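Since the structure comes first, as structure tokens, the remarks are kept for the end.
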Amino acid sequence: PHDPHLGHHSDRSLARRLRELLDERTAQGVTLGEAAALVHAHPAHLVRAFSTAFGIAPHQYLTSRRVEHARRLLLAGQPPSEVAALSGFYDQAHLTRHFKRLVGVPPGRYRESLRALT
């Protein structure tokens, strides 16, 4: 007999496996093709399962994880120029665009405001 909940459950576990993969590879990243091969799912299905489970597309999740990683590096005193590469952004402009969108200020200003507090 066909269990209608089975598909839903397997989608949730697929989504969780993709999230774990993205968490492990925040800096180096993983292509959708690689991820799909690793969790044995079609790329489009994987994106749908992830978006349904977490309410955010996989690439948006990865970007927010990278920004969070960058924020921690800045907190630790790393210069923004190095933080971009360490957290998986192409360059400082790429980091700045996403950091500003998610945190509200550019990385340099974020770091300066931290220094003002110490």
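The values are calculated or read from the model by the stated rules, or taken from the named source; none is laboratory data. Predicted model only: the values in this text are computed from it and were never measured. Don't worry about glycine lacking a Cβ; one is built from the backbone with ideal geometry, like all the others, and counts go over all protein chains shown. Remember, those area values only see protein heavy atoms, side chains included, never the ligands or the DNA or RNA. Shrake-Rupley method; radii C 1.70, N 1.55, O 1.52, S 1.80 Å.
The set of residues in the range 41-67 being open to solvent by less than 50 Å² (accessible area, probe 1.4 Å), in contact (Cβ under 8 Å) with a residue 12 or more places away in the chain and either under 26 Å from residue 105 (Cα atoms) or outside any helix (DSSP H, G or I) (or both) consists of 41, 58, 61, 62, 63, 64, 66, 67.
For residue 107, the conditions (1) in contact with a Pro (Cβ under 6 Å, 6 or more places away or on another chain); (2) more than 30 Å from residue 117 (Cβ to Cβ); (3) modelled with pLDDT under 95 are fulfilled apart from (2). Scanning the range 68-92 for residues that are assigned to a helix (DSSP H, G or I) and without any contact (Cβ under 8 Å) to a residue 24 or more places away in the chain, we see that the one that is least open to solvent (accessible area, probe 1.4 Å) is 84. Only one of the numbered conditions (1) surrounded by 13 or more Cβ atoms within 10 Å (Cβ to Cβ); (2) in contact with a helix residue (DSSP H, G or I) (Cβ under 8 Å, 6 or more places away or on another chain) is violated by residue 33, and that is (1). None of 114, 38 is open to solvent by 30 Å² or more (accessible area, probe 1.4 Å), in contact with a Gly (Cβ under 9 Å, 6 or more places away or on another chain) and aliphatic (A, V, I, L, M) except 114.
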